1. May I ask you to compute the full-extension gain from A193 to T227, defined as 0.36 nm times their residue separation minus their alpha-carbon distance, rounded to one decimal in nm?
2. Where does the charge balance sit around V213 when Lys and Arg score +1, Asp and Glu -1, over other residues with C-beta under 13 Å from its C-beta?
3. Can you put S156, S40 in order of Cβ neighbours within 10 angstrom, beginning with the fewest?
4. What list do you get for E26, E101 if you sort them by fewest beta carbons within 10 Å?
5. Please report the net charge: other residues with Cβ closer than 12 Å to the Cβ of N94, K and R +1, D and E -1.
6. For F135, F167, what's the fewest-to-most ordering of other Cβ within 10 Å of each Cβ?
7. In the neighborhood of D147, defined by Cβ-to-Cβ distances under 12 Å, what is the net charge if each Lys or Arg adds +1 and each Asp or Glu adds -1?
Amino acid sequence: MKPKGWKPDLDTAPGKDALFTQFAFEVALAVAAYDIDDSSFCSHPYYPRDLVDYHRAQIRSKRDGWRAEYVGADIDVTPPPLPAKADLAKSKRNGLARWIELAVDGDIDTTDSVLAITGKPRKVKDGDALLNALFDNDIAIHADIKDDAALESQASSLSEARGIGTFEGPPPPPQGPARCSALLQSFAQWSAARGYRLVMIDLQDDAWHAVLVRSAYHDELLTLSDTLAIKLLSPVQAA
């Protein structure tokens, strides 16, 4: 689990990577350690609710069961604002910038962050760099072909970032590639019922790659993908 925007090596130079601007994993640890009332921000899309829920269900009763809930340290935690979103119907972006904008559901900061890495080529020659940039911003599926646990976690992160709930895939068995395929089929159906389409990307390697786009802009993304030479997998191929 990583906070949104996490990077292994932050560039702390002025104007580069900002620190502590998104909900971090440490917030959940503080809530658990100090028994903080998180009711005002627990629905934030980047808040790791599963960690806090597990603590309260499995650990708190043993450590702090003798006292009432939320009587720990009197700490005021103010959640950061939700990401600024572009109006996809009125956006002036085109080419790769528009493709990325649709893939990140209009998140302005994420669009700019990915573009800073990819630039704006007329054709995408390095699809892996594009998917890595999206994945580094927690906005794409980018998992090894056998890693069903990572794929399920990434799908859940995507659904939470879209604000459509937390996706829970079918339990194993099977495991490995077979479960990955089942997870993708299940996630595609689950997302479609909530107004989003899963778009599988073919990098001709041994991994799964996908983005989640609003159903209303699915056809536009497909057309842009063809123009930009971003090869896609059909739902049948993905399965």
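We did not get these values from a lab; they are worked out from the coordinates using the rules stated. All figures in this text were calculated on a predicted structure; none of them were measured in a lab. Cβ: placed from backbone, ideal geometry, glycine included. Neighbour counts: every protein chain shown.
1. Working: separation 34, 0.36 × 34 = 12.24 nm, distance 2.82 nm.
Here the answer is 9.4 nm.
2. Working: positive: R98, R162, R194, R197, R214; negative: E101, D105, D107, D219, E220.
With Lys, Arg at +1 and Asp, Glu at -1, the net is 0.
3. Details: S156 17, S40 11.
Ordered from fewest to most neighbouring Cβ atoms within 10 Å, S156, S40 come out as S40, S156.
4. Details: E26 12, E101 25.
Placing the least packed residue first, the sequence is E26, E101.
5. Neighbourhood net charge equals +3.
6. In increasing order of surrounding Cβ atoms, one gets F135, F167.
7. -2
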